[in-house]
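Undergrad: Just dropping this structure here.
Nothing in this text is a laboratory measurement; each read-out follows from the coordinates by a stated rule. Fair warning: this is a prediction, and the values are worked out from it, not measured in the lab. Cβ atoms come from the backbone with ideal geometry, glycine included; neighbour counts cover every protein chain shown.
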Amino acid sequence: MEKHYDAKAAEAKWYPFWEKNGFFHSEPGKGEPYSVVIPPPNVTGILHMGHALNQTIQDVLVRWRRMQGRNTLWLPGTDHAGIATQNVVEKALKKEGKRRQDLGREAFVERVWEWKRQYGGTIVHQQRMLGNSTDWKRERFTFDEGCSRAVAKVFTQLYDEGLIYKGNYIVNWCPRCGTALANDEVEHEASHSHLWYVRYPVAGSAKGTSGEPYKDYIMVATTRPETLPGDTAVAVNPKDERYAHLVGKTVVLPLTGREIPVISDDYVEKEFGTGIVKITPAHDPNDFLVGKRHGLEEINIMNDDATMNALAGAKYEGMGRFECREAIVSDLEAGGFLDHVEDYDNQVGHCYRCHETVESRLSKQWFVKMKPPAAPAIEAVKNGSVRFVPERWSKIYFNWMENIQDWCISRQLWWGHRIPAYYFGDGKVVVAETPEAALEKAKAADPSVSAADLRQDPDVLDTWFSSWLWPFSTLGWPEKTRDLEYYYPTADLVTAQDIIFFWVARMMMAGIHFMGRPPFKNIVIHGIVRDAQGRKMSKSLGNSLDPLELIDMYSADALRFSIALITSLECDTKVNKEKFEIGRNFCTKIWNAARFMEMNGAGADFKPVEIAEPTADEKHILWATDAACRKLSSILEQYRIQDAALAVYDFFWTQICDWYVEYAKDAPDKTRAFAILRDVFWKALRLLHPFMPFITEEVAHQLGYVEAGESIMLARFPEGYTDAEKKAWGLSAETYDFVNAKREAITTLRALRAEYKIPPAAFVKATIATGDPRARGEEASLKKAMRAESVDFAPAGADLPMPSKITSFGTVYLSLEGLVDKAAESKRIAAELSKLAGFVKSAEAKLANENFTAHAPEAVVAEARRKLEENREKAAQLEKLAKLFA
RNA sequence: GGGCGGUUAGCUCAGUUGGUUAGAGCAGGACCUUUACACGGUCAAGGUCGGGGGUUCGAGUCCCUCACCGCCCACCA
């Protein structure tokens with residue numbers, strides 16, 4: 001083996017090897033299925049840390065299940081991402097000095113497809129670099145033919161069921177993207193703004209005198225003066241006595257001279273501002289509802305791009321909304337209508353895509369009624385047929401689902417699934433999966449209609465309208481396919497908390513509604529990757545770590561393992577570059593351990609030997625290996641990825657490398673010791689494989705565990721040793737504990753050496769007082785580990801000279817070769833004595849308490865007694881030592 | 001305003017149903033170039049588990065309360 005592990009070479013070699021050999025591919029029919037669909041990243045996306053985390057978790061689960069022998073499918077794909085993709089292509093067009101309108105719809109959409117063909121492979125290429133064992137033969141795209149057919153079918157069915165309707169509604173509108181946004185596509189951010197206090201004169205009131213144009217006026221506080229031309233009322237709270245006399249009167253809308261009524265509505269808060277609100281039904285969601293209740297006129301004063309239109313008044317027409325705000329404020333001031341201005345911080349909505357300030361805007365949109373499909377989706381989690389991991393996310397799910405709003409699904413974009421609604425005649429509409437079917441339906445209503453009379457709705461559907469079908473549209477729905485029958489429902493869905501509503505909840509609803517069963521059994525929610533300061537990683541902050549850079553610097557395995565080790569499902573993960581050194585260092589450790597084996601004849605040329613009569617240390621590693629195998633499977637069953645990573649890390653590093661490899665160097669029977677190491681190492685490699693696929697594959701081949709052309713990824717995940725093996729080798733908890741005790745003795749003597757500053761090169765004389773007959777058999781290994789010239793044994797309880805210490809193995813004594821600073825030692829001993837005295841005192845009190853001895857489990861009481869005795873003995877020893885240094 | 005979390009060593013976090021003297025990694029300290037590995041080894045140090053009550057023989061763990069931090073949802077213009 002080479003001295004240094006070449007991660008890049010291994011990654012470049014093994015991924016294509018796996019993919020070409022079809023090791024990721026699954027076909028229905030054989031064995032118990034385990035299926036997972038990947039959360040499809042945006043086709044415009046590039047791999048970020050969130051993907052790395054999300055996909056590491058999935059690949060660990062998927063590789064582990066595959067090694068367990070499950071027929072495993074991890075289905076990859078990408079999302080057509082309506083707004084995001086259209087934006088990317090529009091930006092490219094802009095560089096050519098063109099707008100999408102210059103191309104026209106068809107050419108533009110073709111242009112986006114062109115872009116997709118050219119660049120859409122970026123993220124799937126990057127996913128390969130992570131090592132994802134996804135079945136690329138089944139890769140899907142939310143806008144491919146099959147998914148599109150599913151979308152049309154779903155829209156039509158929901159429409160026929162009365163669950164889709166078209167309505168005039170106030171929607172969140174992104175003026176930059178030129179489309180409506182769903183509520184959850186709007187991000188609210190605190191913004192420093194102002195509250196303008198404006199005087200609205202009471203109709204017919206006389207002219208005022210100093211600066212005020214009218215004597216009688218009411219004061220309105222607003223954050224959005226630019227919408228003033230769209231006001232159609234002012235409102236007060238019905239319980240507000242201050243203004244009761246005004247209700248029913250009219251006031252004059254400043255700058256326009258238009259008279260508008262004063263109404264009363266519960267929505268108005270008496271305490272906020274002046275207690276009087278201007279009502280602009282076309283430009284504010286609340287005002288819209290108030291307007292509906294009171295039958296107010298809706299005056300839309302803006303164009304699609306948030307510039308003012310003619311209804312705003314000739315003076316303001318054509319202005320941008322913020323420019324218009326300034327103009328109106330200045331005109332109000334000039335006209336004496338502006339009373340004063342206060343600073344005010346409020347929440348302003350921004351487009352989640354382009355971050356433009358969102359405008360509330362009146363328009364006709366398509367909606368899905370969500371209450372009916374939500375009910376069974378709530379029930380499925382309540383009755384446990386679908387489980388959130390960690391469980392607490394179900395509360396958030398319920399909270400949202402129980403207050404669910406209708407879903408605005410139309411988007412004024414060109415890139416996306418076109419709404420399958422067709423208009424003809426004067427306002428008649430039919431909804432059908434294909435234009436042909438639509439024509440047929442239209443003809444049924446009006447036989448004179450021809451294809452040319454049908455005009456398809458220009459809008460497209462929200463991207464999530466295709467991704468909510470992902471777990472079954474990707475398996476062939478609406479056809480009744482074998483895949484669907486075999487792989488649906490999927491087993492685990494792994495995703496971050498931020499798309500529980502966008503995606504997870506909607507998939508639940510769609511799965512139940514169209515398939516009759518929830519789309520997955522477990523919803524595994526992980527945190528978000530944050531920077532060292534706890535901020536969300538984002539391009540604008542420039543605090544993102546690039547997983548590709550980390551792969552380049554540390555290797556994919558290092559990235560994966562580090563992520564698994566530092567990520568808890570329970571909370572968000574803070575990362576910085578240094579954290580990925582853990583994984584890199586671990587790779588180096590694995591590589592060197594493998595090299596050590598090869599150098600000692602336990603490499604590819606190894607000739608198997610029967611393992612018989614292992615020593616205590618050998619029994620220990622066999623036992624520890626067995627325990628590690630069992631533990632790993634059981635904690636992975638619970639999705640405790642972090643615990644699993646830690647367990648395998650500790651097993652490999654501490655048990656195998658720190659102790660067993662050191663033992664093996666001077667083992668009494670090296671052939672057997674290395675035969676055991678070879679077996680243990682092979683198990684360890686397989687335990688590691690789900691976390692670190694590349695290096696484990698490379699090492700497995702280098703050491704000859706796997707034949708050329710085969711792969712560790714198809715090897716069986718180790719389950720520990722059989723009862724027969726354990727019996728044959730005489731493995732037992734007692735022996736395991738015995739070796740642990742021996743290690744304690746070794747560690748203690750090392751500490752004594754350090755304490756008394758005995759040079760590392762110096763050989764010491766040690767004595768151990770123990771009644772355990774097995775101890776004498778360990779003399780050689782003790783000598784080696786303690787760097788001792790001699791190890792003598794004394795009977796248990798023998799009164800050893802100082803300095804000696806009590807361990808689980810017995811009392812250990814180190815003969816002092818050099819001089820010791822008596823004063824310093826005396827001081828140190830006194831401190832330790834007082835600490836011990838405290839332990840003894842509290843233990844005595846505890847054991848004197850009858851309640852404790854009566855209620856606590858027997859083992860706990862016994863352990864407390866044993867510990868007390870031990871501490872008393874330690875204290876007695878120390879006192880002797882104290883005399884020695886007095 | 002509603003909901004959900006978090007607060008344990010300098011930093012990042014474990015701590016499964018309450019039960020020994022609360023653990024790990026990193027950083028920092030001392031020592032060690034012992035031929036698998038300095039991306040290493042050995043050892044030591046570091047915590048009144050956010051504050052205050054309560055339940056219990058026993059609380060980091062359960063209950064109440066307060067404080068601070070974070071996230072999500074939401075129509076106070």
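Undergrad: Mind checking the full-extension length gain between A:K292 and A:E662? Use 0.36 nm per residue of separation minus the Cα-Cα distance, one decimal, nm.
TA: Working: separation 370, 0.36 × 370 = 133.20 nm, distance 8.10 nm.
125.1 nm is the gain from fully extending A:K292 to A:E662.
Undergrad: Taking region A:335-391 on its own, what percent of its Cα-Cα pair distances exceed 13 Å?
TA: Details: 1285 of 1596 pairs.
Here the long-distance tail beyond 13 Å is 81 percent of all Cα pairs in region A:335-391.
Undergrad: Antiparallel DSSP bridges in chain A: what percent, to the nearest 5?
TA: On the way: 64 of 92 bridges.
Antiparallel: roughly 70 percent of the beta bridges in chain A.
Undergrad: Is the C-alpha gyration tensor of region A:458-607 telling us rounded, prolate or oblate? Criteria: a/c under 1.5 is rounded; beyond that, a/b larger than b/c is prolate, otherwise oblate.
TA: Working: a/c = 2.97, a/b = 1.56, b/c = 1.91.
Verdict is oblate for region A:458-607.
Undergrad: Amide H to amide H, which residues 5 or more places from A:W173 or on other chains are under 5 Å from it, using H placed in the peptide plane?
TA: Under 5 Å from the amide H of A:W173: A:L181, A:E359, A:S360, A:R361.
Undergrad: Roughly what would the spin-label model give for A:A92 and A:D144, points 7 Å off Cα along C-beta, in nm?
TA: The answer from the label model is 2.1 nm.
Undergrad: Given axes a ≥ b ≥ c from the Cα gyration tensor, I'd like to know whether region A:594-742 is rounded (a/c under 1.5), prolate (a/b larger than b/c) or oblate. Let's see the in-between values first.
TA: Values: a/c = 1.63, a/b = 1.10, b/c = 1.48.
Taking the square roots of the gyration eigenvalues as a ≥ b ≥ c, region A:594-742 is oblate.
Undergrad: Okay, next question. Please compute the length gained on full extension between A:S385 and A:K883, using 0.36 nm multiplied by the number of residues separating them and subtracting their Cα-Cα distance. The partial results should precede the final answer.
TA: Details: separation 498, 0.36 × 498 = 179.28 nm, distance 6.96 nm.
Taking 0.36 nm per residue and subtracting the Cα distance, the gain is 172.3 nm.
Undergrad: Can I ask one more? Using a Förster distance of 35 angstrom, determine the FRET efficiency expected from the C-beta separation of A:H125 and A:D305, and round it to 0.05.
TA: Working: r = 37 Å, r/R0 = 1.05.
Calculated value: 0.45.
Undergrad: Also, quick follow-up: Calculate the spin-label point distance for A:A604 paired with A:N592, positioning each point 7 Å from the Cα along the beta-carbon direction, and give it in nanometres.
TA: Output for this residue pair reads 2.4 nm.
Undergrad: May I pose another question? What helices does chain A hold that run 24 Å or longer along their axis, going by alpha-carbon atoms, with a Kyte-Doolittle average of -0.5 or more, using DSSP H for the helix calls?
TA: Working: long enough: A:49-67 (26 Å, -0.35); A:581-599 (27 Å, -0.23); A:616-637 (32 Å, -0.12); A:670-688 (26 Å, 0.45); A:733-755 (32 Å, -0.44); A:822-848 (38 Å, 0.00); A:858-885 (40 Å, -0.71).
What comes out of the filter, once short or polar helices are dropped, is A:49-67, A:581-599, A:616-637, A:670-688, A:733-755, A:822-848.
Undergrad: Enumerate the residues in region A:47-64 having an amide nitrogen under 17 Å from the point lying 7 Å beyond the Cα of A:N522 toward its Cβ.
TA: Under cut-off, by backbone N: A:54-64.
Undergrad: Between A:Q118 and A:S815, what is the label-to-label distance in nm when each label sits 7 Å out along the Cα-to-Cβ direction?
TA: According to this spin-label approximation, the distance is 8.4 nm.
Undergrad: Just for the Cα atoms in chain A, what are the lengths along the principal axes, largest first, rounded to whole Å?
TA: 112, 67, 56
Undergrad: Quick query: amide H of A:N42 versus all other amide H atoms, modeled in the peptide plane; which residues come in under 5 Å with a sequence gap of 5 or more or a different chain?
TA: Sorted by chain and number, the residues that satisfy this are A:D79.
Undergrad: Under 5 Å between amide hydrogens, which residues at least 5 positions from A:G318 or on another chain qualify, with H placed 1.01 Å from N in the peptide plane?
TA: Answer set, sorted by chain and number: A:M308, A:N309.
Undergrad: Shifting gears a bit: When a/c reaches 1.5 or more, the comparison of a/b and b/c decides; with that in mind, is region A:1-109 rounded, prolate or oblate per its Cα gyration tensor?
TA: Working: a/c = 2.93, a/b = 1.81, b/c = 1.62.
Prolate is the answer for region A:1-109, as a/c is 1.5 or above and a/b outweighs b/c.
Undergrad: Return the FRET efficiency for the residue pair A:Q405, A:S633: r is the Cβ-Cβ distance, R0 is 45 Å, and the value is rounded to the nearest 0.05.
TA: 0.55
Undergrad: Calculate for chain A the 222 nm mean residue ellipticity that helices alone would give, adding -39,500 (n - 2.57) per DSSP H run of length 4 or more and normalising by residue count, nearest 500 deg cm²/dmol.
TA: Details: 30 runs with 369 residues, N = 886.
For chain A, the value works out to -13000 deg cm²/dmol.
Undergrad: Where does the charge balance sit around A:Y169 when Lys and Arg score +1, Asp and Glu -1, over other residues with C-beta under 12 Å from its C-beta? The partial results should precede the final answer.
TA: Numbers: positive: A:K166, A:K292, A:R361, A:K364; negative: A:E298, A:D406.
Charge balance near A:Y169 sits at +2.
Undergrad: Taking R0 as 30 Å, what FRET efficiency do you get between A:A856 and A:Q68 from their Cβ-Cβ distance, rounded to the nearest 0.05?
TA: Values: r = 40 Å, r/R0 = 1.32.
Computed FRET efficiency for A:A856 and A:Q68 comes out at 0.15.
Undergrad: Then there's this: So if each residue of separation counts as 0.36 nm, and I subtract the Cα-Cα distance between A:H340 and A:D453, what length gain in nm does that give?
TA: Numbers: separation 113, 0.36 × 113 = 40.68 nm, distance 5.73 nm.
Length gained between A:H340 and A:D453: 35.0 nm.
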